[in-house]
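Q: Take this structure first; my questions come after.
Bear in mind these aren't lab numbers, they're just calculated from the coordinates by the rules spelled out. Remember, predicted model here, so these are calculated numbers, not experimental data. Cβ coordinates were reconstructed from backbone atoms using ideal geometry, including for glycine residues, and neighbour counts include every protein chain displayed.
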């Protein structure tokens with residue numbers, strides 16, 4: 001069994017499962033000697049996994065499918081045998097733009113008020129708003145597009161989208177190079193704490209308990225190192241469970257890795273991510289989930305949803321069997337093998353957008369609580385014999 005591993009990660013709050021597993025000895029307990037290497041861009045993460053410099057990495061979920069299909073880089077099959085978290089990202093606009101929108105709406109501005117502003121800018125012959133995302137093939141880009149489209153905004157024509165590393169978002173917003181960004185924490189909270197940005201939507205506002213990051217490895221590596229992969233998943237599982245039960249301690253652990261003001265690290269973990277400090281909003285514990293709700297299970301339906309959205313925007317080459325691609329990239333079979341003694345669902349797909357509140361799921365160890373999964377536009381994706389039936393909102 002291979003025991004010396006190098007894992008890549010981006011300095012984000014949702015990298016905590018890897019950081020906690022290293023700091024708390026969960027990797028060591030599984031016989032693994034893990035070196036964590038921080039990276040500056042998601043492209044670096046992907047490329048170093050593909051060429052073998054990393055054994056695996058903290059990775060954007062849609063990136064796994066994109067690499068497998070040869071989109072935006074080398075064509076190399078990547079897989080996601082484990083989901084690292086649900087939620088944890090958000091849409092932040094510059095403080096000045098936020099104030100402009102706030103004057104035309106009641107409460108926190110949303111996509112409808114942004115639509116009005118965009119139309120006004122067109123009449124005044126002003127250039128499109130510039131919005132940044134962390135990577136083309138990311139949950140961030142797809143959720144941003146979904147949020148915009150819910151109000152009739154065309155993300156390819158009505159705004160300009162650029163790609164920036166997460167850690168550079170706040171600086172570019174401060175300099176006026178962009179009007180807003182969709183990124184993971186702590187960067188929404190940093191912009192808020194610095195007074196240069198305000199969050200208009202968290203990922204939860206768009207798709208409740210949406211999948212976000214995964215453990216990404218090459219298909220070849222997983223096949224060659226089955227025992228190592230099993231040990232890696234077991235260590236991460238322990239880390240996720242610890243994180244959901246020890247949020248205050250997690251803030252201190254994260255502070256050892258991210259040179260960011262502590263007041264910007266706590267919000268995401270304590271349920272206040274992205275909201276203005278003076279807003280009075282009550283904590284929302286589901287803004288970032290590491291373990292609850294079977295958060296670590298790599299649902300094939302999550303991969304399918306991402307692929308469907310990629311097809312929606314014309315990113316996929318030719319006719320693709322989306323179900324087959326999703327099943328090749330999302331690997332619950334490997335999760336089941338490594339974590340056979342944990343609660344496991346009876347199937348690898350589930351409906352999305354159909355639970356407005358808590359619900360119960362039958363598993364190998366009895367029923368467990370699950371979280372809401374609705375979309376901003378009320379659309380539903382119902383399970384039908386290993387395929388999704390898309391049902392638009394009335």
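Q: With just the Cα atoms defining each centre, how far is region 39-94 from region 214-236? Give it in Å.
A: Rounded to whole Å, the Cα centres lie 15 Å apart.
Q: Contour minus end-to-end for residue 319 and residue 157, with contour as 0.36 nm per residue of separation and end-to-end as the Cα-Cα distance? Each step should come with its number before you reach the end.
A: On the way: separation 162, 0.36 × 162 = 58.32 nm, distance 2.47 nm.
The residue 319-residue 157 span can extend by a further 55.8 nm.
Q: Another question about this same structure. Give me the log10 of I(q) over I(0) for the chain at q = 0.09, 0.10 Å⁻¹, as the Debye formula computes it from C-alpha points; what are the numbers?
A: For the requested q values the scattering log ratios are -0.49, -0.61.
Q: Label residue 1 and residue 96 with points 7 Å out from Cα along Cα→Cβ: what is the distance between them in nm?
A: 5.8
Q: Rg/Rh for region 153-285 to two decimals, with Rh computed the Kirkwood way over all alpha-carbon pairs. The partial results should precede the final answer.
A: On the way: Rg = 17.6 Å, Rh = 17.2 Å.
Result for region 153-285 is an Rg/Rh of 1.02.
Q: When you take every Cα atom in region 89-206, what is the radius of gyration, and what is Dmax, the widest Cα pair distance, in Å?
A: Over region 89-206's Cα set, Rg and Dmax evaluate to 12.8, 36 Å.
Q: Mind checking which of 21, 311, 191 has the largest fluctuation in a GNM of the chain, springs on alpha carbons under 10 Å?
A: Judging by the Gaussian network model, the answer is 311.
Q: Same structure again: I'd like the orientation of helix 300-312 relative to the chain: the angle between its Cα long axis and the longest Cα principal axis, in ° from 0 to 90, rounded to 10.
A: For helix 300-312, the angle is close to 40 degrees.
Q: How big is D, in µm² s⁻¹, for region 1-74 by Stokes-Einstein at 37 °C and 0.692 mPa s if Rh is the Kirkwood radius over C-alpha pairs? Before the final figure, lay out each step's value.
A: Details: Rh = 12.9 Å.
It diffuses with D of about 254 µm²/s by this estimate.
Q: Rounding to the nearest 10 and keeping the result within 0 to 90°, find how far the Cα-based axis of helix 226-245 lies from the longest principal axis of the chain.
A: For 226-245 against the chain, the angle is about 50 degrees.
Q: For n ≥ 4 DSSP H runs only, could you compute -39500 (n - 2.57) per run for the chain, divide by its residues and tell me the 222 nm figure to the nearest 500? Intermediate results must be reported in sequence, preceding the final value.
A: On the way: 17 runs with 151 residues, N = 394.
-11000 deg cm²/dmol, from helical runs alone.
Q: Enter the angle in degrees (range 0 to 90, nearest 10) between the Cα long axis of helix 111-123 and the first principal axis of the Cα atoms of the chain, meaning the one along which they spread out most.
A: Rounded to the nearest ten degrees, it is 50.
Q: Can I ask one more? If R0 is 25 Å, what FRET efficiency do you get for residue 40 and residue 130 from their C-beta distance, rounded to 0.05?
A: Numbers: r = 21 Å, r/R0 = 0.85.
Calculated transfer efficiency: 0.70.
Q: So which residue, out of 180, 88, 353, gets the largest mean-square fluctuation from a GNM of the chain using Cα contacts under 10 Å as springs?
A: 353
Q: Can you bin region 225-335 into rounded, prolate or oblate? Criterion: square roots of the alpha carbon gyration tensor eigenvalues sorted a ≥ b ≥ c, rounded for a/c under 1.5, prolate for a/b above b/c, oblate for the rest. Don't jump to the answer; show the numbers that get you there.
A: Working: a/c = 2.58, a/b = 1.48, b/c = 1.74.
Because a/c hits 1.5 or more and a/b fails to exceed b/c, region 225-335 counts as oblate.
Q: Follow-up. To the nearest µm²/s, what D does Stokes-Einstein give for region 196-260 at 4 °C and 1.567 mPa s, using the Kirkwood radius over alpha carbon pairs as Rh? Spell out each step's value before the answer.
A: Values: Rh = 15.2 Å.
My calculation gives 85 µm²/s for D.
Q: Would you please put 328-338, 363-373, 299-309 in order of how densely packed they are, using the mean number of other Cβ atoms within 10 angstrom per residue and starting with the highest?
A: Taking the mean over residues of other Cβ atoms within 10 Å, the ranking is 299-309, 328-338, 363-373.
Q: When the chain is modelled as a GNM with alpha-carbon springs shorter than 10 Å, which of 127, 267, 77 fluctuates the most?
A: In this elastic network of the chain, the residue with the biggest mean-square fluctuation among 127, 267, 77 is 127.
Q: Turning to a different aspect of this structure: Taking every eigenvalue of the Cα gyration tensor of region 12-158, multiplying by 5 and rooting it, what semi-axes result, largest first, whole Å?
A: On the way: eigenvalues 284, 71, 28 Å².
Semi-axes, largest first: 38, 19, 12 Å.
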